[in-house]
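Read the structure below first, then the notes.
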Amino acid sequence: MFMTNNTLKQYKKIRKLGMSLNEKYLQCLDPQDIKISGRVLGILKGEKLLFSSEEDLDRIYNFVVYDYKNIKGKNLVQIYKDKNKNLTEEELLIINSSLSSSSSLYKVVSLNTQNCTLELKDLINNENKNIHMLDIQLSSNPSVQNLILYTRIIPFPGFNASSGASLLFDASCKDSILEKYKKKMKKIVVGDEQTKLAAAFFQLYQKYGFKNVRHQ
């Protein structure tokens, strides 16, 4: 996969606008839903969410925006879209792409620093074709090649991107994680399979996660 300068410009533009949209999505959040999300993630203690770092807060927000669904079966992206009828073409592109996205656990097969991409193999769905994801910072970090990551892949015209806040694990943990995530899912009683999958991996990340690697 070859990335042109125009593709990289479009990627940076979409990421900047996407960050702005994330803040708007969160404005649609019902306070009760954040408590339910915290309970599902295993971080609600009394009336407070307990987390260890700013990066964990980013991962909580990522779950709340994309994975948690309200009683009507809608995530915050869909709720925001339903409430706003005068969206720009670029906003609609990001929103619709986000609504068609999905998450899984991936092995990093290779890095391409020239194209700023990672080649990923899906470890849960056993897809025959690997996925190429554009991420400037992750693709420039050689240590990433020794990791596996749980992330949401958002498909855009010409490239795939992550929603950010990936859950990173050392590759040596792969077998243990693949063995345990289904057991974690069975203990989660709220949400659909994607919600339970995301919550299970968040919980596993608290024990097995590889910290301090960021997206750009």
Being buried (at least 20 other Cβ atoms within 10 Å of the Cβ) and touching a helix residue (DSSP H, G or I) at 6+ places or on another chain (Cβ under 7 Å) is the filter; apply it to the stretch 36-59 and report the residue that is nearest to I153 (Cα to Cα).
R59
By my count, strands (runs of 3 or more DSSP E) wholly in the stretch 80-137 with at least 2 residues that are more than 20 Å from K9 (Cα to Cα) are 102-112, 117-122
If K180 satisfies all but one of (1) under 17 Å from Q194 (Cα atoms); (2) outside any loop (DSSP other than H, G, I, E, B); (3) within 14 Å of the chain's Cα centre (by Cα), what's the number of the condition it fails?
(3)
So if I check each of F63, F51, which one is part of a loop (DSSP other than H, G, I, E, B) and either touching a Cys at 6+ places or on another chain (Cβ under 6 Å) or under 27 Å from G209 (Cβ atoms) (or both)?
F51
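Anything in the stretch 151-167 that is over 14 Å from D58 (Cα atoms) and either in a loop (DSSP other than H, G, I, E, B) or in contact with a strand residue (DSSP E or B) (Cβ under 6 Å, 6 or more places away or on another chain) (or both)? List them, or say none.
If the condition is that a residue be over 14 Å from D58 (Cα atoms) and either in a loop (DSSP other than H, G, I, E, B) or in contact with a strand residue (DSSP E or B) (Cβ under 6 Å, 6 or more places away or on another chain) (or both), then I153, I154, P157, G158, F159, N160, A161 are the ones that fit.
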Checked pairs for the stretch 123-151, first within 19 Å of L178 (Cα to Cα), second exposed (fewer than 14 other Cβ atoms within 10 Å of the Cβ) and among the polar types (S, T, N, Q), C-beta under 8 Å and 6 or more apart or across chains, list as Q145/S110
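Could you list, in sequence order, all residues of the stretch 99-155 that are of a type in the set (K, R) and in contact with a helix residue (DSSP H, G or I) (Cβ under 8 Å, 6 or more places away or on another chain)? Even if it seems obvious, please write down each step before you answer.
Looking only at the stretch 99-155, we keep the residues that are of a type in the set (K, R), and these are 107, 121, 129, 152.
Matches in the stretch 99-155: K107, R152.
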Considering only residues of the stretch 1-35 that are of a type in the set (D, E) and in a helix (DSSP H, G or I), which is surrounded by the fewest Cβ atoms within 10 Å (Cβ to Cβ)?
E23
The stretch 172-194 - residue that is under 14 Å from S104 (Cβ atoms) and out of contact with any Ser or Thr (no Cβ under 7 Å at 6 or more places or on another chain) and, of those, surrounded by the most Cβ atoms within 10 Å (Cβ to Cβ)
I177
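Quick note: the coordinates plus some simple rules give every number you see, no bench work behind them. Worth saying up front: this structure is predicted, and the values here are computed from it rather than measured. Don't worry about glycine lacking a Cβ; one is built from the backbone with ideal geometry, like all the others, and counts go over all protein chains shown.
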